[in-house]
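The values are calculated or read from the model by the stated rules, or taken from the named source; none is laboratory data. Just so we're clear, the structure is a prediction, and the values are computed from it rather than from any experiment. Just the protein is used for accessible areas: all its heavy atoms, side chains included, with ligands, DNA and RNA removed. Shrake-Rupley method; radii C 1.70, N 1.55, O 1.52, S 1.80 Å.
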Amino acid sequence: MTTPQSTPPFLSLHTAVILLIAFVFGTVMGVLTALTGVPVAGAIAAGLTTAGANIPVLRTLIR
């Protein structure tokens, strides 16, 4: 009997954790920015910028 081959995961655990933490940071920053009265588009831009800037930093911090 042959066993089915296991497929590798789409994302490694390391990548998934980094993206999840960056998403949380970006969401928090976007919400806090929106609460200051900035237009929603500006809050979304702040959240995306925060998430994007955190990915390289988190990659070096989490090994």
Q) What percentages, rounded to whole numbers, describe P(r) for the chain computed over all alpha carbon pairs with 10 Å bin width beginning at zero? A) 22, 34, 22, 13, 6, 3, 0
Q.
Compute the helix-to-body angle for 13-35: its Cα long axis versus the longest principal axis of the chain, expressed 0 to 90° and rounded to tens.
A. 20 degrees
Q | Protein accessible area in the chain, 1.4 Å probe - carbon and sulfur % | A | 75 percent
Q: For helix 40-61, report the angle its Cα long axis makes with the longest principal axis of the Cα atoms of the chain; keep it between 0 and 90° and round to the nearest 10°.
A: 50 degrees
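Can you work out the accessible area per residue across the chain, with the rest of the protein chains kept in place, probe 1.4 Å, in square angstrom?
Working: 5040 Å² over 63 residues.
Roughly 80 Å² per residue, with all protein chains present.
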